[in-house]
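Novice: Got a structure here, written out as structure tokens. Questions coming.
What follows is calculated from the coordinates using simple rules that are stated; it is not laboratory data. Not measured: the values here are computed from a predicted model. So basically every Cβ, Gly included, is an ideal-geometry build from the backbone, and we count neighbours across all protein chains shown.
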Amino acid sequence: MKFLVQLILVVSIGAGCMLAQEIKLPSNPLKGRIVFEEKGCIKCHSISGFGGNIAPDLSREHYYGSFLELASIIWNHIPKMNRKYRELKLKRPSFSQSEMLNLIGFIYYLRYLGEPGSVSNGRKLLSDKGCIVCHDVAGSGGKKGPDFDQLQQFASPLYMVQAMWNHGPAMQEEMRELGMKYPSLNGHDIVDITSYIQQATIGNIEIRMAPGNPVNGEKVFKKKQCHNCHSIDKKGDAIGTDLNTIDLQKSVTEIAGSMWNHSPVMIDYMKSESITWPEFKGNEMSDLIAYLYFLGFEDEPGDPINGEKFFVDKGCIGCHEAEVGIGPELSKMKRFNSPIRMIQLMWNHADRMDDLLEIKNEEWPIVSTKEMQDLYAFLRNVTKQK
């Protein structure tokens, strides 16, 4: 068991060292759609009804979670997929690291894109939330605020969110004078309201916003000084909520609704501290929300000690042991500096592994999210440093 001794020695050096993941934010999460189609995933899986019907529609059966949580779902599903590949006589695809990141990032992003809104509910919300007291729509309502009928820009929910945010302090002041309660927005409220305004508008030009660039959104987060109040690393004594401690795996308009509901407290605090209210232009709000959404993409650090135990208990060592193993000797492999590389190699190797396990009459190793995180921490330690 020479290799096992090597593993224990290496892991002991890093004992207690909880390793963070290294996932770079995608600049365009929709690039994974190309991988999804080119690799043939769409032949079995559909998105909003477009594609195959053999496997679940990924836009309806949402797969939440971090990178390794989604990776574990895919891994556990591999034997069933392999049988379907053989049954349909389809070539099993292999992936590069960038393709694997783009694919999993795209699946993660599907929840963010949200669902179509309800025109009838949007109309009701405009009345229930008091919007028509100041805004005219479809010939009725107040005149203090912009006429919704003329605001063709609101064809995009994100554009409306940005306009509402920029208008927040003035709106709050106006509502206080009128003795009105600041409206809260939940769930699909924003997309429903936007759907109704889209239907009611008489404008001919639509100004839409892109879904968002998380990389640019991180820059916006700093540029608008959001980090002065909100931390994202569970460290420090930030005034506002640590954004990694709240659930942001929601649709874009749900996240926007949470920001809107939080804005009255922000407005009052910033006024008391003489801080300028941050306004957004162009695609800034869209990029910021995309960045917030992708905070949940990075995994919690894994435990290499538990990862080593998993590696042994699941029988991985039987194939990856030095000199006698069927698989590659891990201590001679290039270091896993990212979980993306680990998942890419596991997927590309899984076809052969599945065949070997069937020959041995052994079960496919089911991996939980925590086990996948621990396994990565372990493999990162035992693979070569250079």
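Novice: Principal axis lengths of region 324-376 from Cα atoms, whole Å, largest first?
Specialist: Computed over the Cα atoms, the extents are 33, 26, 18 Å.
Novice: Non-local amide H neighbours of Arg92 (under 5 Å, H modeled in plane, Pro and chain starts lacking H): which ones?
Specialist: none
Novice: Using θ = phi - 60° and the Karplus form 6.51 cos²θ - 1.76 cosθ + 1.60, what ³J(HN,Hα) does each residue of region 252-264 get, whole Hz, x for Gly and Pro?
Specialist: 4, 6, 5, 5, 4, x, 5, 5, 4, 5, 7, 5, x
Novice: Can you pick out the pairs among Lys24/Lys84; Lys80/Lys360; Lys332/Lys360 whose Cα atoms lie more than 29 Å from each other?
Specialist: Details: Lys24/Lys84 32 Å; Lys80/Lys360 18 Å; Lys332/Lys360 26 Å.
Table pairs above 29 Å Cα-Cα are Lys24/Lys84.
Novice: Testing the spin-label approximation: label points 7 Å from Cα along Cα→Cβ at Phe50 and Ser127. State their distance in nm.
Specialist: Result: 3.6 nm between the two label points.
Novice: Cα atoms only, region 242-285: Rg and Dmax in Å?
Specialist: Spelled out, the Cα radius of gyration and Dmax of region 242-285 are 12.3, 33 Å.
Novice: Quick one: Karplus J couplings for region 49-54, per residue in order, coefficients 6.51, -1.76, 1.60, θ = phi - 60°, nearest Hz, x for Gly and Pro?
Specialist: x, 9, x, x, 10, 6
Novice: Any idea how far apart His262 and Ser331 come out in nm if each label point goes 7 Å out from Cα toward Cβ?
Specialist: Spacing of the two 7 Å Cα→Cβ label points: 4.8 nm.
Novice: Also: Could you put Lys24, Lys43 in order, starting from the residue whose Cβ has the fewest other Cβ atoms within 10 Å? Mind dumping the intermediate values first?
Specialist: Working: Lys24 12, Lys43 16.
The most exposed by this proxy come first: Lys24, Lys43.
Novice: Then there is this: Between region 253-316 and region 323-386, what is the C-alpha centre distance in whole Å?
Specialist: The two parts, judged by their Cα centres, are 30 Å apart.
Novice: Could you check the spin-label model distance between Thr241 and Glu362? Points 7 Å from the Cα along Cα→Cβ, value in nm.
Specialist: That separation, rounded to one decimal, is 4.6 nm.
Novice: I need the calculated FRET efficiency for the pair Lys80 and Lys24, taking r as the beta carbon distance and R₀ as 22 Å, to the nearest 0.05.
Specialist: On the way: r = 31 Å, r/R0 = 1.39.
It comes out at approximately 0.10.
Novice: List Val133, Val252 from most exposed to least, where exposure is judged by having the fewest other Cβ atoms within 10 Å. Don't skip to the answer; put the middle values down first.
Specialist: On the way: Val133 16, Val252 26.
Fewest to most other Cβ atoms nearby, the residues stand as Val133, Val252.
Novice: Oh, and also: Figure the gain on full extension for Asn166 and Ser120 (residue separation times 0.36 nm, minus the Cα-Cα span) and round it to one decimal in nm. Walk me through the numbers before you get to the answer.
Specialist: On the way: separation 46, 0.36 × 46 = 16.56 nm, distance 2.66 nm.
Value of the extension gain: 13.9 nm.
Novice: Here is a follow-up. I need two numbers for region 227-386: Rg to one decimal and Dmax as a whole number, Cα atoms only, in Å.
Specialist: 22.5, 71
Novice: Here is a follow-up. Please list, ordered by chain and number, the residues whose modelled amide H lies under 5 Å from the amide H of Gly302; skip anything fewer than 5 residues away on the same chain.
Specialist: Correct list: Leu19, Ala377.
Novice: For region 63-113, how big is Rg over Rh, using alpha carbon atoms and the Kirkwood form of Rh?
Specialist: Working: Rg = 12.3 Å, Rh = 12.1 Å.
Result: Rg/Rh = 1.02.
Novice: By count of other Cβ within 10 Å, fewest leading, how are Ile275, Ile239 ordered? Present the calculation step by step, with values, prior to reporting the outcome.
Specialist: Working: Ile275 13, Ile239 10.
Ranking Ile275, Ile239 by Cβ neighbours within 10 Å, fewest first, gives Ile239, Ile275.
Novice: Same structure again: Could you give the length gained by full extension between Asp355 and Asp57, i.e. 0.36 nm per residue of separation minus their alpha carbon distance, to one decimal place?
Specialist: Details: separation 298, 0.36 × 298 = 107.28 nm, distance 2.79 nm.
Gain in length upon complete extension: 104.5 nm.
Novice: Given a Förster distance of 30 Å, report the FRET efficiency between Leu113 and Leu90 from their Cβ-Cβ distance, rounded to the nearest 0.05.
Specialist: Plugging the Cβ-Cβ distance into 1/(1 + (r/R0)^6) gives 0.65.
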